[in-house]
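Structure first, commentary second.
The values are calculated or read from the model by the stated rules, or taken from the named source; none is laboratory data. Given the structure is predicted, the values throughout are model-derived calculations rather than measurements. Using ideal geometry, Cβ is built from the backbone for each residue, glycine included, and neighbour counts are taken over all protein chains shown. When the accessible area is computed, the model is the full protein with side chains, heavy atoms only, and any ligands, DNA or RNA have been set aside. Shrake-Rupley method; radii C 1.70, N 1.55, O 1.52, S 1.80 Å.
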Amino acid sequence: MKKIVVVGSLNMDHISKVDHIVREGETIIASDFSRSPGGKGANQAYAVGRLGGDIVMLGAVGDDEDGASLLSSLKSVGVDTSGVMICPDAPTGVAQISVDKAGNNTIVVVPGANMEVDTSYIDAHRSVIDASDIVIMQLEIPIDTVVYTARLAKTMGKYVILDPAPAIPDLPEEIYRYVDLLKPNETELCILAGMSLDDGDYTEKISVIRKKGASNLLVSLGSEGVLVSLHGREDRLIPGRKVTAVDTTAAGDCFVAGLAVKLAGGCDVVDAVDYAQKVAAISVTRRGAQRSVPNPEEID
Ligand code: ATP
Ligand code: RIB
């Protein structure tokens, strides 16, 4: 089994259960509140660990209770957290999440220690990246660090997966050259392509991103599934599983983790997507981020 490293964010999620997503100028009363471990990077590392992958997490937390709790969650599923930086001067990242009755969410991230993950930290952990086969990143740490790490990983001959979330319109184009697999959702695809939702179809948006240098894309489309767009092959939609969603938080993270675990085991991308969609579909039937990740035995 190949080794996986996630270079990314760790956040404590503050989750409010609401009737509807709050509108501008509105104050609403939530029916429930909870705190639980999250952060796109940590969720992906946790899910890889829970699914049985060989996984190391690189990132940063504050020297506080939230940081300790996030590290303990990762360790509980076998993630190697020994390289995670504990920052004396920055608090652990926090995400304010509202989940409505249909399971849809809005998320506001206060990055805190995640912004301390700079290129010198990456240099100090080059050996961890070198010892891995698959490098997974998202965009909740400084963009310069993501580009630097992707370049380094590619130079070392690693397989690089980028979940471009949260997407930014001015993502440096050089990064596409270093990424083997890009996993935007529909909104992220539009932002990266600089097009609106109603502006052209998926194929047009994918071709804009390809012109910037991307090769293989998996566009996740929520309950509709995943549009697989691999270099030199015809695009293909693999439908999602039919489930009743209660909370879609971290569906994308579960998908990326399932994908990486199967690729690490030697599967091809299409089989890995199939497995990843099963993992993600189970996660949306449960509340929370890391706590919604299934055990391998639950996945048929
Ligand atoms: P996140 O909510 O974590 O930001 P995302 O926006 O990155 O997720 P999505 O496209 O929403 O990614 O979901 C990723 C995958 O999870 C989908 O391709 C699908 O396989 C699965 N999924 C998400 N929502 C549902 C749903 N309602 N029913 C079944 N499967 C779902
Ligand atoms: O993808 C879900 C995650 O996004 C949440 O756990 C939250 O922390 C934000 O990073």
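Odds and ends about this structure:
- Residue ID - most open to solvent (accessible area, probe 1.4 Å), chosen from residues in region 282-300 that are in a helix (DSSP H, G or I) and within 15 Å of ligand 2 (Cβ to nearest atom): Arg291
- One residue stands out among those in region 246-281 that are open to solvent by 40 Å² or more (accessible area, probe 1.4 Å) and closer than 18 Å to Asn104 by Cβ: the one that is farthest from ligand 1 (Cβ to nearest atom), which is Val246.
- Residues that are open to solvent by 20 Å² or more (accessible area, probe 1.4 Å), among the polar types (S, T, N, Q) and under 21 Å from the mean Cα position of the chain (by Cα) within region 221-245 comprise just one, Ser223.
- The one condition from (1) touching a residue at least 12 places away in the same chain (Cβ under 8 Å); (2) within 20 Å of Arg291 (Cβ to Cβ) that Asp54 does not meet is (2).
- Condition broken by Asn216, with the remaining ones in (1) within 15 Å of ligand 1 (Cβ to nearest atom); (2) in contact with an Asp or Glu (Cβ under 8 Å, 6 or more places away or on another chain); (3) not aliphatic (A, V, I, L, M) satisfied: (1)
- Output for region 50-65, where each listed residue is open to solvent by less than 10 Å² (accessible area, probe 1.4 Å) and in a strand (DSSP E or B): Ile55, Met57, Leu58, Ala60, Val61, Gly62
- Selection of region 18-49 for residues being within 16 Å of ligand 1 (Cβ to nearest atom) and outside any loop (DSSP other than H, G, I, E, B) yields Ser36, Pro37, Gly38, Lys40, Gly41, Ala42, Asn43, Gln44, Ala45, Tyr46, Ala47, Val48.
- Matching residues, region 97-114, being over 23 Å from Pro184 (Cβ atoms), within 18 Å of the chain's Cα centre (by Cα) and not small (Gly, Ala, Ser): Val110
- Qualifying residues in region 115-138 (those that are crowded, with 19+ Cβ neighbours inside 10 Å and within 16 Å of Ala42 (Cα to Cα)) - the one farthest from the chain's Cα centre (by Cα): Glu116
- Whichever residue in region 128-163 is of a type in the set (D, E, K, R) and in contact with a strand residue (DSSP E or B) (Cβ under 9 Å, 6 or more places away or on another chain) and, among such residues, is farthest from Met57 (Cα to Cα): Lys154
For every residue, the table says whether it meets (1) without any contact (Cβ under 8 Å) to a residue 24 or more places away in the chain; (2) farther than 13 Å from Ala245 by Cα.
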site	(1), (2)
Asp274	no, yes
Arg287	no, no
Gln290	no, yes
Glu297	yes, yes
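- When Lys101 is tested against the conditions (1) in contact with a helix residue (DSSP H, G or I) (Cβ under 7 Å, 6 or more places away or on another chain); (2) away from ligand 2 (no atom under 16 Å from the Cβ); (3) modelled with pLDDT under 95, the lone failure is (1).
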